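Quick notes on the structure that follows.
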Amino acid sequence: MSKAADEKILQYMRDQNRPYSATDVLLNLHKEIGKTQVVKSLETLAKAGHLAEKVYGKQKIYFVNQNTLPSLGEIEMKDLETDIKAKTKDLTSLREEARSIDNQLGSLTNSLTTEQAQEKLAELNKQLERGKEKLASLKTMCKDIAPEDKIKINKEHQKVVKEWRKRKRMCMDVVNAILENEGCTKSKRELIEEMGIDTDEDMGVSFPTDGA
């Protein structure tokens, strides 16, 4: 059971990628694995380097060693940022919708008869429940990002943008050097097209404006 328990707990920790105590893991796995084995597996996985361990008072917290996870490339990182922005926008919209429904409920309750108010209340409660279900669904699809993951993503983002700037500068230096040659009669745009270079402007992209 020991090895199977180790593998099951490691897979769970990787899937969630969040910090948990032994008690959290025990309850989240619905006590499928006994507490003694959970504690033993977490300690074993930490010693093997699969998990990292932090001690807060008398409690130990475990989370996946981020160095064992694949690093994000530029495309994956941009997709993740786009997905986070979209999910955040949806959540904000749903919260505003729920707040609007609550305001309508308060206003209508004061202006309608008891029977009318009860009917409207039932209707609004149905709308509110649908909104809550949609909000819960979005939260399920959008995994929480641990603070250490955000730091890692930001560092990777800065690294990729820095390399982008460097390669663009090197490419333009070559183009400018050719243009400065006395035998070159082409314009910069003509030379770029002849060399088959796709510029950032051609692709409709630009450097991030967040200072990266």
Which of (1) 8, 27, 25, 20, 15, 5, 1, 0; (2) 9, 37, 38, 15, 1, 0; (3) 6, 19, 17, 19, 16, 13, 6, 2, 0, 0 gives P(r) over Cα pairs in 10 Å bins from 0, in percent as computed here? It is (3)
Quick one: SER93, SER187, fewest Cβ neighbours within 10 Å first, how do they rank? SER187, SER93
Around LEU69 (Cβ within 11 Å, Cβ-to-Cβ, excluding LEU69; K/R +1, D/E -1) the net charge comes to 0
Relative to the longest principal axis of the C-alpha atoms of the chain, give the angle of the C-alpha long axis of helix 147-180, reported between 0 and 90° and rounded to the nearest 10°. 20 degrees
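What order do you get for LYS168, LYS85 when you list them from fewest to most C-beta neighbours inside 10 Å? Mind showing how you got there, number by number?
On the way: LYS168 13, LYS85 10.
The order, fewest Cβ neighbours first, is LYS85, LYS168.
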Anyone know which of ALA86, ALA136, ALA177 comes out most mobile in the 10 Å Cα GNM of the chain? ALA177
Separation of the ASN176 and GLN127 label points, Cα + 7 Å toward Cβ, nm: 6.0 nm
If amide H atoms are built 1.01 Å from N in the plane of the peptide, which residues on other chains or at least 5 residues away come under 5 Å of the amide H of LEU51? ALA46, ASN65
Cα long-axis angle, helix 35-47 against the chain (0 to 90 degrees, to the nearest 10): 10 degrees
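Quick note: the coordinates plus some simple rules give every number you see, no bench work behind them. All values reported here derive from a predicted model rather than from experimental measurement. Positions of Cβ are backbone-derived with ideal geometry, glycine not excepted, and every protein chain shown enters the neighbour counts.
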